[in-house]
Amino acid sequence: MQKLLQGLQHYQTTVFGSQRELFERLSEGQTPEVLFITCSDSRINPNLLTQTEPGELFILRNAGNLVPPYGALHGGEAATIEFAVAGLGVKDIIVCGHSHCGAMKGLLAPPAQTDFPALSQWLHHAESTRRIVRDKYAHLGDAALLNVATQENVLMQMENLRTHPVVASGLSQGKVKLHGWVYKIETGEVFGYDPQICQFKVLTEQRASLSLPERQFMALEI
Ligand SMILES: [Zn+2]
């Protein structure tokens, strides 16, 4: 906690001044163009990863970057999505999973329900992912299974997004686009789902040539 208090002090005395104009402008309102849905995992920093400033990403985070289907749960996810699309008019929605995701590990090897009753219930929103992985990829080893689960989960949560009326309406009018990403913590790479080839592929060309083995490993035929 002490580190955070020191950080606040540093922010207020050193950092804020250099961005005062930005924050004064932002105090009048926000106009983010992207809703970024990702995991609560402490190793992901959406603004660092995308080199964006405050005010540019509307961020929704939870364990496993899950999007309960519309009507399944009157929780914060539906309200956040509704406000982002209908209130702020975001143009793009990104569902970003990540490597070494604890929620995906928990999905593949569920913890004792008595220890994590809320988490166990929450992961039901990824039951389709678990089922697909179990039925389709049973031949894979643990590490590959985790990668596959992470990618399949991003795709399933994109499907769930489409059940939200504001998203369905935005998609039908061409006002909103959905994107599926997977962030690889150990290389900094981001893989995006390409519906043309039904695979995730690295989004940054320069790094692609440097990390072909990882790219092939992450790629998934669906
Ligand atoms: Zn995670």
### Task
Restricting attention to segment 46-58, report how many residues are surrounded by 15 or more Cβ atoms within 10 Å (Cβ to Cβ) and either within 16 Å of the ligand (Cβ to nearest atom) or acidic (Asp, Glu) (or both).
3
### Task
Return a yes/no flag: does segment 59-79 have any residue that is more than 30 Å from residue 141 (Cα to Cα), within 16 Å of the ligand (Cβ to nearest atom), hydrophobic (A, V, I, L, M, F, W, C) and out of contact with any Asp or Glu (no Cβ under 8 Å at 6 or more places or on another chain).
yes
### Candidate set: segment 136-158, residues that are small (Gly, Ala, Ser) and part of a helix (DSSP H, G or I); chosen: the one surrounded by the most Cβ atoms within 10 Å (Cβ to Cβ)
149
### Query
Going by the structure shown, is residue 33 more than 16 Å from the ligand (Cβ to nearest atom), touching a Lys or Arg at 6+ places or on another chain (Cβ under 6 Å) and open to solvent by 60 Å² or more (accessible area, probe 1.4 Å)?
yes
### Summary
When segment 1-58 is checked residue by residue, the ones that are more than 19 Å from residue 87 (Cα to Cα) and either touching a residue at least 60 places away in the same chain (Cβ under 8 Å) or touching a Gly at 6+ places or on another chain (Cβ under 6 Å) (or both) are 38, 39, 41, 43, 44, 49
### Query
residue 129 is checked against (1) on the phi < 0 side of the Ramachandran plot; (2) in a loop (DSSP other than H, G, I, E, B) and fails just one. What number does that condition carry?
(2)
### Number of the exception - residue 83 against (1) open to solvent by 50 Å² or more (accessible area, probe 1.4 Å); (2) within 30 Å of residue 187 (Cα to Cα)
(2)
### Query
Within segment 40-85, can you find the residues that are out of contact with any Phe, Trp or Tyr (no Cβ under 8 Å at 6 or more places or on another chain) and among the aliphatic types (A, V, I, L, M)?
48, 67, 72, 73, 79, 81, 85
### Query
Are any residues in segment 159-171 under 20 Å from residue 63 (Cβ atoms) and either aromatic (Phe, Trp, Tyr) or crowded, with 20+ Cβ neighbours inside 10 Å (or both), and if so, which ones?
160, 161, 164
### Task
Would you point out the residue of segment 91-105, among those that are open to solvent by 30 Å² or more (accessible area, probe 1.4 Å) and more than 16 Å from the ligand (Cβ to nearest atom), that is nearest to the chain's Cα centre (by Cα)?
92
### Message
Can you confirm whether residue 88 is within 16 Å of the ligand (Cβ to nearest atom) and either modelled with pLDDT under 95 or under 20 Å from the mean Cα position of the chain (by Cα) (or both)?
### Response
no
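The values are calculated or read from the model by the stated rules, or taken from the named source; none is laboratory data. Just so it is clear, the structure is predicted and the values come from calculations on it, not from any experiment. Every residue, glycine as well, gets a Cβ built from its backbone with ideal geometry; the counts of neighbours run over all protein chains shown. Ligands, DNA and RNA are stripped out before the accessible areas are found, and what is left, the full protein with its side chains, is counted by its heavy atoms. Shrake-Rupley method; radii C 1.70, N 1.55, O 1.52, S 1.80 Å.
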